[in-house]
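Enquirer: One structure coming up, written as structure tokens, with questions to follow.
The values are calculated or read from the model by the stated rules, or taken from the named source; none is laboratory data. Note that the coordinates shown come from a computational prediction; the quantities given were computed from them, not determined experimentally. Reconstructed Cβ throughout: ideal geometry from the backbone, glycine too, with neighbour counts over all protein chains shown. What goes into the accessible areas is simple: the full protein's heavy atoms, side chains included, and nothing from ligands, DNA or RNA. Shrake-Rupley method; radii C 1.70, N 1.55, O 1.52, S 1.80 Å.
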Amino acid sequence: DLPLTAISIFESFNSNDAKELLQGHNDSSGMGHKSIQQKQRKYIRFWVHEIPTASLLAIVWNESIYLNEGTNLRLEKTRQRRVKKDSAASMISGAETDSITAYLMDLATKLAQGKITNEEYTENQKKATVELSLATLMVSKTKKENIMKLCLEELKNNSLLIESQDYQALLPSYVFSIADVADDSTTPNEIINAAVEYIVEVLEPLRMKKDNGDVRSKILYELYHTQVNLLRIPEDEQKDIHQLFSQFADKATEQKWSEEERTKQWLEYITPVVNRVAYHQIDTQAIVQSMVNHIIKLSKDGEGIENIVKDSHVLALSLHKQAAFFTSDLYRLDEVQKLFQMFSMDVNKEIKDVYYEKVETKLNKITQPLLDLLNALKKKALKKKRKYSSHIILLEEVLSTFELANAEILRLLFKNSSTLVADELRRESCGYYPRDTLPPSVATYLSKKTLKVSKHIHDERSQQACLGMLCVLGESSNDVNQMRASVDKSMVYTEGKVTETTPCPIPEALAAQYQERGDLEEALHYYKLALEGIRTFVPRQKTDSIVLNACLVQAQYDKKEALKMAFEFSPFFNEIQQYSIVGPARGILVQQCIAWAGEFGISLEDAIEKFMNEDKGNIEEDGATTENNLDIFEDDNRRGEIRKKRTIVRHSLMGGGRRKAIQRTNTCLNCIVM
């Protein structure tokens, strides 16, 4: 039978076919019911086939994450662990991994200064390396601790591991891959044994042949040793990967590839395949190629320009939405590596546009035939400008949307390419809202490009993406006027609210800019808009930093309202944004709330009970409340939810924390964030 959602959709149709499907739908007796079922299946098959090919490919591509069995299983495991209240301790932020890295550097410094012995350095370095490797492992705190303990024991006592630097270096990574996909019922001993078994049964025989001069075994050893994601793939699904490795080794041996050539080839042809299989990813390059081929075929078949432009626009929008999937292939390009070297020498160096244009040429490798077709159609239309003026507008818009997609891909490619990202991680660990970082020359190039194409973009979906790009580029270059213009225009499209269509980082980045400039009224206005965005089902980036800084600004006017704001919007106190990454700002906010509650002479638990009992209203700029109740809990359930929150807070704080509570004399915004 049709689900209720499908019934509601069909009820909205005016067609006789759709209405006929619903006649007798709930009648489960006799031939009438079977007849209805047959008509339903026939109609749905016909309906699906009526969807344009390009749109169908785009749907599969854009929704592939929701069809991804591996991703869905991981999300379900995360949800179950949250219910058990045991996963919060297993999540770690970028700032915390950064602190482990800093600890390793400090160890090396102490060794060089003679403050610790080689034995002390080795022991502590192993512990920190294992902790860093397993930092993001989504298992319970107790299980993770046991895995780390057993891993360290193997590194210390297993003679095979002791004799091989290769095995010592990658054992934690093997353990992570196995543990991350294992059932909750899999014990830490079973996980460690599986990792050691892989080394003994797969790697060690190849190593022995390699050491005896077997070139083919050396190549296979390199593959099996470095492709750690192979361990994420069930054994019964590894056959094709083994065959791929074997074919690669045969070709490399026959053609006598150098080590440099082998590395280049496996990064381009082996690693992407292993990762796609391991993470159940769709082949984005194949999807794009299929869409390009389809649109070019439309042109050859004499299809009208409107359909060609329509399908091309679908592809351009999908490229923008899935921009992150294209960066991994670009990292390997010589043109990109050259730019990274320039950034490492001087991040503020002015770099000519031609360097970025070369990267774009490589980026357009698959879509270039389609771009050539669209440009040819535009050139043809321009010859009869008066007759085909509407076609020219459509073609300019779709070409501009492709340019916008390229700009987003390049932004994601270069955003963590300098030392600036480490500075932002340190700022985030102190409570600052972390800015997206780009080398100035990248921000300048992309800003010029985006402003140019924005003149030709009229579709609201593309306009929102364009405004989001201008906002983030303004953030990177500290151009508050560009940010303000893009944020305010975006708000016009959504009637002054942050919705699922509002692109990150609108409006939170602008709020942070005003906060750092000391304009707290403007900062509070845009932070409150951002908080409403947290309610949406689409995860907002930097949720914890948004809530912390919104509360800090609100506290300058009313600390009671700041507490209520924290209780309502922070994932620590609420069920909002539970799948978002836990940032350091969450811990800082909890400690700050303890300090604020102390100023009222009550504990944090009492503050939750006291203020959650008060009616809440819409967030107003002056902090006042209205009759519209925004409390996510029903009145009848509020008391039970308050008890639940008290329990969560009590359990979360029992172990203390590495950050000291902010003192009552040090709750000034300037002391904490500015």
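Enquirer: Would the range 165-212 count as rounded, prolate or oblate if I go by the C-alpha gyration tensor, calling it rounded below 1.5 in a/c and otherwise prolate when a/b exceeds b/c, oblate otherwise?
Expert: In terms of gyration-tensor shape, prolate.
Enquirer: Considering all alpha-carbon pairs of the range 240-391, what whole percent are spaced by more than 24 angstrom?
Expert: 54 percent
Enquirer: Moving on. Tell me the per residue accessible area of the range 231-350 using a 1.4 Å probe; a whole number in Å² is fine.
Expert: Per residue, the range 231-350 has an accessible area of 57 Å².
Enquirer: Turning to a different aspect of this structure: For the range 444-529, which whole-number percentage of the solvent-accessible area (1.4 Å probe, protein heavy atoms only) is attributable to carbon and sulfur atoms?
Expert: Percent of accessible area from carbon and sulfur atoms in the range 444-529: 49.
Enquirer: Need one number for the range 481-557: average projected area of the convex hull over its C-alpha atoms, nm².
Expert: Dividing the Cα hull surface by four gives the mean projection, 4.7 nm².
Enquirer: While we're here: Just need log10 I(q)/I(0) for the range 295-361 at q = 0.15, 0.25 Å⁻¹, Debye formula, equal scatterers on the alpha-carbon atoms, no solvent, rounded to two decimals.
Expert: -0.70, -1.05
Enquirer: Principal axes first, then extents: for the Cα atoms of the range 315-419, list largest minus smallest coordinate on each axis, whole Å, largest first.
Expert: Sorted from largest, the Cα extents of the range 315-419 read 54, 27, 19 Å.
Enquirer: Rounded if a/c is under 1.5, else prolate if a/b is larger than b/c, else oblate: which is the range 124-174, with a ≥ b ≥ c the root eigenvalues of its Cα gyration tensor?
Expert: prolate
Enquirer: How large is Rg over Rh for the range 436-497, taking Rg from the Cα atoms and Rh as the Kirkwood inverse mean of 1/r across Cα pairs?
Expert: Rounded to two decimals, Rg/Rh equals 0.97.
Enquirer: For labels at S246 and S185 in the simple 7 Å Cα→Cβ model, what's the distance in nm?
Expert: Output for this residue pair reads 3.3 nm.
Enquirer: If you add up the charges near V480, with Lys and Arg at +1 and Asp and Glu at -1, over every other residue whose beta carbon is less than 11 angstrom from its beta carbon, what do you get?
Expert: -3
Enquirer: Here is a further query. Under the 0.36 nm per residue contour assumption, what length would be gained going from the current alpha-carbon distance of K362 and K610 to full extension?
Expert: That works out to 83.3 nm of additional length.
Enquirer: Related question: When the solvent-accessible surface of protein heavy atoms is calculated with a 1.4 angstrom probe, in what order do C551, C504 fall, highest first?
Expert: C504, C551
Enquirer: Okay, next question. Quick one: which of K126/K349; K489/K542; K321/K365 span more than 27 angstrom between C-alpha atoms?
Expert: K126/K349
Enquirer: Normalising by the residue count of the range 464-521, find the relative contact order in percent from Cα pairs under 8 Å and 6+ residues apart.
Expert: Once normalised by length, the contact order is 39 percent.
Enquirer: Which of the lysines could be linked to K610 by a straight reach, that is with a Cα gap under 28 Å, when you skip same-chain ones fewer than 8 residues away?
Expert: Partners within reach: K84, K85, K528, K559, K560, K564, K644, K645, K660.
Enquirer: Do me a favour and compute the ellipsoid semi-axes for the range 149-236 from its Cα gyration tensor, root of five times each eigenvalue, largest one first, whole Å.
Expert: Whole-Å semi-axes of the equivalent ellipsoid: 23, 16, 9.
Enquirer: Here's a follow-up. If you wrap a convex hull around the C-alpha atoms of the range 196-237 and split its volume per residue, what is the figure in Å³?
Expert: 71 Å³
Enquirer: Calculate the radius of gyration of the Cα atoms of the range 454-590 to one decimal place, then report Dmax, the largest Cα-Cα distance, as a whole number, both in Å.
Expert: Calculated on Cα positions, Rg and Dmax stand at 14.6, 48 Å.
Enquirer: What part of the accessible area of the range 173-310, given as a whole %, is carbon or sulfur when the probe is 1.4 angstrom?
Expert: 48 percent
Enquirer: For the range 329-397, which whole percent of the accessible surface, found with a 1.4 angstrom probe, sits on carbon and sulfur atoms?
Expert: Looking at the range 329-397 in its full context, I get 52 percent from C and S.
Enquirer: Kindly provide the Kirkwood hydrodynamic radius of the range 370-526 in Å, to one decimal, from all pairs of distinct alpha carbon atoms.
Expert: 17.0 Å
Enquirer: Over 20 Å between C-alpha atoms is what I'm after, so list which of K338/K358; K415/K449; K358/K378 land there.
Expert: Exceeds cut-off: K358/K378.
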